Amino acid sequence: MTPEEQVRLKDGINAFFQGAGRGGWNREVNEEVAKVFAVMLCETAKCSKAMNWVPRPSYSPSTTWLLTNLTRSSIESLGSGQYFTCQIRVIDNFKTALDAASIGIPTRMPSCE
């Protein structure tokens, strides 16, 4: 993952947390973090029709897929309404896995189906 991709991914995660009123997320990003965050987005999409704009891969998404389909403005637009509650639930359920991934602990994540 390039330094630019790391910044984009961290920005997206921060926007997701901030949109749910949970402050930011300031840890290292890597491929494992990208996998966990992709699952977080998929779980939010399952909970809310407001996330239908997020394309869902039928496999464990790569960092390239995530960065191609994720923009900060689209994540920032989430912080209200039905998806706000979904984001909070997803953050509560996956924050530990996201933190563990940031220090290199591999996590077993469900697929984005």
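The values are calculated or read from the model by the stated rules, or taken from the named source; none is laboratory data. Just so it is clear, the structure is predicted and the values come from calculations on it, not from any experiment. Counting neighbours? That spans all protein chains shown, and the Cβs are built from the backbone with ideal geometry, glycine included.
General observations
- Selection status of Lys46, on the phi < 0 side of the Ramachandran plot, without any contact (Cβ under 8 Å) to a residue 24 or more places away in the chain, surrounded by fewer than 16 Cβ atoms within 10 Å (Cβ to Cβ) and not aliphatic (A, V, I, L, M): yes
- Residue list for region 1-17, filter: closer than 19 Å to Thr96 by Cβ and of a type in the set (Val, Ile, Thr): Ile13
- Test: residue in region 53-63 that is under 18 Å from Leu98 (Cβ atoms), modelled with pLDDT under 85 and touching a Phe, Trp or Tyr at 6+ places or on another chain (Cβ under 8 Å): no
- Residue within region 18-29 that is surrounded by 14 or more Cβ atoms within 10 Å (Cβ to Cβ) and at pLDDT below 85 present: yes
- Every test in (1) more than 9 Å from the chain's Cα centre (by Cα); (2) surrounded by 20 or more Cβ atoms within 10 Å (Cβ to Cβ) is passed by Arg8 save one, and that test is (2).
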